[in-house]
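Some notes on the structure that comes next.
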2 protein chains.
Amino acid sequence: MPDNKLRKMLRTHTCGELRIDQVNQEVILSGWVQSLRNLGGLSFIDLRDRYGITQIAFNMEVNSSLCDKARKCGREFVIQVKGKVSERSSKNANRPTGDIEIIAQELNILNESKVPPFTIEDESDGGEDIRMKYRYLDIRRNPVKDKIMFRHQVALHTRKYLSSLGFLEIETPYLIKSTPEGARDFIVPSRMNPGQWYALPQSPQTFKQILMVGGMDKYFQIVRCFRDEDLRADRQPEFTQIDCEMAFVDREDILQTFEGMMKYLCKEIINVELPDFPRMSYDEAMETYGNDKPDLRIDMKFQYLEGLRGKGFQVIDNAEYIRGFVVKGIESAFTNKEINELTDWVKRPQIGAKGLMYIKFTNEGVKSSISKFYSEEELLSIGNSCSAEKGDTILILTGSKNQVLKQLSELRLEVARRNNLIPEGIFKPLWVLDFPLHEWNEDEKRFFAMHHPFTSPLAEDLHKMSSADNKIIESIRAAAYDLVLNGTELGGGSIRIHDKELQSRNFELLGFTKEEAESQFGFILGAFEYGAPPHGGIAFGLDRVCAVMQGSTTIRDYIAFPKNNMGRDVMIDAPSGIDSKQLKELNL
Amino acid sequence: MPDNKLRKMLRTHTCGELRIDQVNQEVILSGWVQSLRNLGGLSFIDLRDRYGITQIAFNMEVNSSLCDKARKCGREFVIQVKGKVSERSSKNANRPTGDIEIIAQELNILNESKVPPFTIEDESDGGEDIRMKYRYLDIRRNPVKDKIMFRHQVALHTRKYLSSLGFLEIETPYLIKSTPEGARDFIVPSRMNPGQWYALPQSPQTFKQILMVGGMDKYFQIVRCFRDEDLRADRQPEFTQIDCEMAFVDREDILQTFEGMMKYLCKEIINVELPDFPRMSYDEAMETYGNDKPDLRIDMKFQYLEGLRGKGFQVIDNAEYIRGFVVKGIESAFTNKEINELTDWVKRPQIGAKGLMYIKFTNEGVKSSISKFYSEEELLSIGNSCSAEKGDTILILTGSKNQVLKQLSELRLEVARRNNLIPEGIFKPLWVLDFPLHEWNEDEKRFFAMHHPFTSPLAEDLHKMSSADNKIIESIRAAAYDLVLNGTELGGGSIRIHDKELQSRNFELLGFTKEEAESQFGFILGAFEYGAPPHGGIAFGLDRVCAVMQGSTTIRDYIAFPKNNMGRDVMIDAPSGIDSKQLKELNL
């Protein structure tokens, strides 16, 4: 390992490392002025760098010119201080360096600073926009700095884990070929090939498969991907994937390898032992949670509610689909006000429910929005059928199956958020398996790949691939899997097709003509003719992995220089107009 | 560390791991058919994967249908074999698995293969073009596969070294802003901001400086860079840099840190202990080797050749500049034929010398192209002045200083190559220091930054920055440094300017108006107003580091999917025409 005692000219120590053991040592520190306090004959500077904060003391009686110089330092000035480590009389237990201070002997102002446009504190007074414009100041704040450092740890340990298993990190090109399937590509004009364009990769999917055909056996790459989509909150036009592929494996190998990776990352970085990951089919996840990435920290599975139908209540009896869930853990059930608020919430156009039915089991008996149509006994029996007890509330929605599942899924999450039913510091992983291979798109009257066009059907459903019946095609399950942690999809992947005929048939089902398939994916169809091994892989969103491990709800601060919702980098002011000479050279 | 005993379905072992100790074990192997040999009642398949080759034996008498099936396998078929490990009667000492073979019990053809268009051997019969088109087959060959695996090792150990020193890997954006300074940018139209463009970074230079202003202290990134240049041999439009930056350092800190990195990489990966790196100024390198990246494995320093001038030989006496070098180590000096060939070589337009003078010191006395003008004694005295001995030859060029240095530098390397004067397996590192800050461009009548516009002058030359005299400006030395190994520049960097005034003055010297500087680099000039620390950095070409460590002369095979000299990826056929719908969406 390298020599850690490399020469250091501008400092002997960082601002985070001095302790009581170093008292009387002469040291040099460099950093930023976090704050300056003048107390009569004494001045104190809190000096900050990436590693921490150390207090520097200046004494007017001992060295008045030095103290005067210190008093001229504003916030964020860059200074170098030489002095002696000294025990503090009033210690600061909240700070690792809080037992000591530096009695300054020399002070060197390395650079001045204007007054920053917002405070460099954990809780800053700067709004999002101004912090993005001055991102170099924002990064000095602990919450942002710590997230960027955390990301480094996640990437480093990911590489360590995968390398130890024989994965090779192999870089794939960024200037590739545009394919209309999937999201929109960013494209790049080629000067040397007029009229032709490169595309930036949405993922290295085809290249990693080509590497498997090339015998590289185990590939990974922490790699940038690009999608020119209209940006929703927390979407970035460029983002980073942990991209992986293995040859000579089946699904089980991949699940074990990457379950192992998540366990390793959580153990090494946040000291959390993840349990073995439960598994759930896509169908079960949808029926039980209305969602293909259920947050298992929350209970409240969807219930069938036996005994609700057939009691003469038309709304229920005529409903195509009825589901509800039991809310537990709220003191003496919901108040009427809470129920009304939830009803308004589900009726908002974003959710779109017609109304919300409830059955409350209180100390004063059963209260329900449908008590007109059911006896207390009937309601108790419904409650019994789904283990509702005193203090619990059943919330019920009706409508079409898709609507009810979607609306109830949102309601479940909202109820959990409003009532603090999501335990903190808990990690609930899950594999979701057996996704549909295709989704029917009613607008375009054709199938779209649910994962991507290279995903293999499950072996059991392979025979359905030759069917001409859309209902049968729709029922084909994919050898695809998503890794879900606390309700966030961290990664997804599949066993790939490695047979040229099957791949061609899949392109056909997706509405590609032979010519289209050939012109866009000819190279991979060609590769499949020269000994493609069985293979499969997975890709994780690095920012999401970081955010979920730290219980954070936003990925933006894990990115050093994120773009805003218009795809703009407001710090450097990009994109921007371009020199006409440049466009001319590109024949544009 | 992760559990290496993860489940393996399609194989129990790789084709590289079985040894005599495993005899009698039942195993499953999967891989590609390297070759098939039929010897009467026996058939042998050499089965290959990334890890090696294992021989599989099929016996017609024991299992004729299995043997028949094996005989149907062509080269590059993908098969799975179950069988028993057995000691071979005729062992193959050239192969790690050569003591054993697998007596096949089951054979499963996982995929067929057409006959590959070239042989998958260390020495292939395929030309460059066909191997690039079928890169997935080329990658199966050991020479390519091994280079890609080597690159993974270099990247991994680089990360290990830098992380252990507290460097953080921080990703910077790929969609940035175009700047006309430097090479040509690749640009990307923004759909959401019509008429505006992103550029792909030529390097993360400004971002890593911004990260230093942001207090990240030690940054690195193994990062893709893009340059839309006309491609010479061994140049790629996208290439990978090991990009580094440190705050609160001076030049010495950086030299030690990255000398340490190269030593670490060589020790860990190729088990070579590099010596401490000698240092040489740019001026000395140019005067001594005509070259700012001299190959110190070769001797033949340029010599002043005392006693040549003033003897009445007009060509010499009128020459602006004269230099030569002594060739040693060639048996009894050069033959006349060799001298004639070298003379023709230096007179080619690529070199452009008018002629070549020589003085040979042979057993039969001194032979020289200039003996008409010099006595043997005079020639011997010139030889003495530069330690030429019997068997040596002095080669001499005349002309303008720049021409002579450039031509003599090429001649020195050519002589070394022709006469095998470059020792193999030797590593000669060097720091080249004190580059000029600016270069005068006679065409544009302005200075260009020799390194880039953010490079700091040496402290000793700082006072010259305010001069109005171009001669004085030209003499300013930069705090820049190149790391050279065996005549290849592996990396270069500099201490940066961190003062806004100095940076503005430098832009002024480079011919930027205030408005141009502001519109292109306003964000970094702005950042310098908020407490920029002293900082500096370096960047290495990852492919070059790999190639030089392995003594390879080409970087292309270290890149999994390289582009050709027209910037084309011939495997995927990119760049290519684009959907008119896509262009319309981009307002193009």
Residues of the range B:161-170 that turn out to be buried (at least 24 other Cβ atoms within 10 Å of the Cβ), within 23 Å of the chain's Cα centre (by Cα) and closer than 19 Å to A:Val223 by Cβ, as a count: 0
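This table checks each residue for (1) more than 30 Å from the chain's Cα centre (by Cα); (2) in contact (Cβ under 8 Å) with a residue 24 or more places away in the chain.
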site: A:Leu483; (1), (2): no, yes
site: A:Gly493; (1), (2): no, yes
site: A:His498; (1), (2): yes, yes
site: A:Ile524; (1), (2): yes, yes
site: A:Gly551; (1), (2): no, yes
site: A:Asp557; (1), (2): no, yes
site: A:Gln582; (1), (2): yes, no
When the range B:91-109 is checked residue by residue, the ones that are under 45 Å from the mean Cα position of the chain (by Cα) and open to solvent by 80 Å² or more (accessible area, probe 1.4 Å) are B:Lys91, B:Ala93, B:Asn94, B:Pro96
Flagged pairs (Cβ under 9 angstrom, 6 or more apart or on separate chains; first in the range A:315-327, in contact (Cβ under 8 Å) with a residue 40 or more places away in the chain; second of a type in the set (Asp, Glu) and buried (at least 19 other Cβ atoms within 10 Å of the Cβ)) are A:Val326/A:Asp392; A:Val327/A:Asp392
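Conditions tested, residue by residue: (1) within 11 Å of chain B (Cβ to nearest Cβ); (2) small (Gly, Ala, Ser).
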residue	(1), (2)
A:Gly31	yes, yes
A:Leu42	no, no
A:Arg50	yes, no
A:Thr54	no, no
A:Ala57	no, yes
A:Val62	no, no
A:Lys72	no, no
A:Glu76	yes, no
Whichever residue in the range B:400-428 is of a type in the set (Gly, Ala, Ser) and under 26 Å from B:Arg477 (Cβ atoms) and, among such residues, is surrounded by the fewest Cβ atoms within 10 Å (Cβ to Cβ): B:Ser400
Every residue in the range B:542-588 that is touching a strand residue (DSSP E or B) at 6+ places or on another chain (Cβ under 7 Å) and away from chain A (no Cβ under 13 Å), please. B:Arg544, B:Val545, B:Val548
Given (1) buried (at least 17 other Cβ atoms within 10 Å of the Cβ); (2) assigned to a loop (DSSP other than H, G, I, E, B), number of the condition A:Glu331 does not satisfy: (1)
Return a yes/no flag: does the range A:344-352 have any residue that is over 30 Å from A:Arg544 (Cα atoms) and at pLDDT 95 or above. yes
Answer yes if at least one residue in the range A:261-270 is closer than 30 Å to A:Ser163 by Cα and free of Cβ contacts under 8 Å to residues at least 40 places away in the same chain, and no otherwise. yes
Exactly one condition in (1) surrounded by 22 or more Cβ atoms within 10 Å (Cβ to Cβ); (2) in a loop (DSSP other than H, G, I, E, B) is false for A:Asp543; which is it? (2)
The residue from B:Asp217, B:Asp230, B:Asp243 that alone is without any contact (Cβ under 8 Å) to a residue 60 or more places away in the chain, crowded, with 22+ Cβ neighbours inside 10 Å and charged (D, E, K, R) is B:Asp217
Output the number of residues of the range B:526-537 satisfying the condition of being more than 7 Å from chain A (Cβ to nearest Cβ) and either open to solvent by 10 Å² or more (accessible area, probe 1.4 Å) or among the polar types (S, T, N, Q) (or both). 1
Can you go through B:Trp431, B:Trp440 and tell me which one is touching a residue at least 24 places away in the same chain (Cβ under 8 Å), open to solvent by 30 Å² or more (accessible area, probe 1.4 Å) and part of a strand (DSSP E or B)? B:Trp440
What about B:Thr362, is it touching a Leu at 6+ places or on another chain (Cβ under 9 Å) and open to solvent by less than 60 Å² (accessible area, probe 1.4 Å)? no
Given (1) within 11 Å of another protein chain (Cβ to nearest Cβ); (2) assigned to a loop (DSSP other than H, G, I, E, B); (3) in contact (Cβ under 8 Å) with a residue 40 or more places away in the chain, identify the lone condition not met by B:Leu18. (1)
How about the range A:204-213: which of its residues are within 7 Å of chain B (Cβ to nearest Cβ) and over 24 Å from B:Arg159 (Cβ atoms)? A:Ile210, A:Val213
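The values are calculated or read from the model by the stated rules, or taken from the named source; none is laboratory data. All of these numbers come straight from a predicted model, not from anything done at the bench. Neighbour counts run over all protein chains shown; Cβ positions are idealised from the backbone, glycine included. Heavy atoms of the whole protein, side chains included, go into the accessibility calculation; ligands, DNA and RNA do not. Shrake-Rupley method; radii C 1.70, N 1.55, O 1.52, S 1.80 Å.
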